[in-house]
1. Stretched out fully, how many nm does the piece from PHE32 to LEU107 gain, at 0.36 nm a residue minus the Cα gap?
2. Contact order normalised by length for the range 29-106, with contacts defined as Cα pairs under 8 Å and 6 or more residues apart; what percent is it?
3. Just grab the label-to-label distance for LYS116 and PHE49, each label 7 Å out from Cα along the Cβ direction, in nm (one decimal).
4. How much length would be gained if the chain were fully extended between ARG100 and THR17, taking 0.36 nm per residue of separation minus their Cα-Cα distance, in nm to one decimal?
5. With a 10 Å Cβ neighbour count serving as the proxy for reagent exposure, in which order, fewest first, do SER117, SER101, SER71 appear?
6. Among PHE49, PHE32, rank each residue by its count of other Cβ atoms within 10 Å, from fewest to most, as a rough exposure measure.
7. Please list 103-113, 34-44 highest first by mean number of surrounding beta-carbon atoms within 10 Å per residue.
8. Can you sort THR26, THR79 so the residue with the fewest Cβ neighbours within 10 Å comes first?
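Taken together, the values in this text are just the output of simple stated rules run on the coordinates, not laboratory data. It should be emphasised that the depicted structure is a prediction, and the values quoted were computed from it without experimental measurement. Backbone-built Cβ (ideal geometry, glycine too); neighbour counts: all protein chains shown.
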Amino acid sequence: MLDGAGLVRSGSHRPLTVDEHARTQTIGKLVFRSVLAAPLVTIAVAGAFYLIGYRPGTQILVVLGYAGILSPYVALAVTHASRVTLAQEGRRLAEAVGTRSILPQLLAALGAVFNKSGRGRGDRSRCQQVAS
């Protein structure tokens with residue numbers, strides 16, 4: 001509603017300095033280590049649970065959360081950037097993605113509403129009748 005009313009404005013971001021641009025060229029693909037940290041930690045912990053005979057259920061989501069918390073620290077270790085830079089870049093990315101970042105949540109809520117209202121249950125039986 002706020003965006004539709006024109007009350008949301010894009011933030012201003014300073015361009016990269018020459019030193020920062022040179023640093024991005026030297027880091028290169030090493031920054032993807034932080035992206036891979038979350039799934040690798042999650043898989044490792046799930047594997048450890050499996051080896052000791054513990055069958056993970058919802059607790060795997062907790063492990064995934066901790067792995068997600070670990071990933072920014074891996075990025076900071078690789079890039080040697082400050083936490084302020086991490087927050088600024090996260091904000092810049094969220095602004096670049098914009099409203100598309102909330103689309104999965106909106107679709108899930110819409111699906112829950114349709115499921116609760118019973119919409120689609122009758123359609124399935126009609127599809128089965130047509131198919132047979």
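1. Working: separation 75, 0.36 × 75 = 27.00 nm, distance 2.93 nm.
Length gained, PHE32 through LEU107: 24.1 nm.
2. Numbers: 41 pairs, mean separation 27.4, N = 78.
Once normalised by length, the contact order is 35 percent.
3. The answer from the label model is 2.9 nm.
4. Details: separation 83, 0.36 × 83 = 29.88 nm, distance 2.94 nm.
Gain in length upon complete extension: 26.9 nm.
5. Values: SER117 9, SER101 12, SER71 18.
Lowest count first: SER117, SER101, SER71.
6. Working: PHE49 16, PHE32 12.
Final ranking by Cβ density, sparse to dense: PHE32, PHE49.
7. Values: 103-113: 9.9, 34-44: 15.5.
Descending mean neighbour count gives 34-44, 103-113.
8. Working: THR26 7, THR79 17.
Sorted ascending by nearby Cβ count, the order is THR26, THR79.
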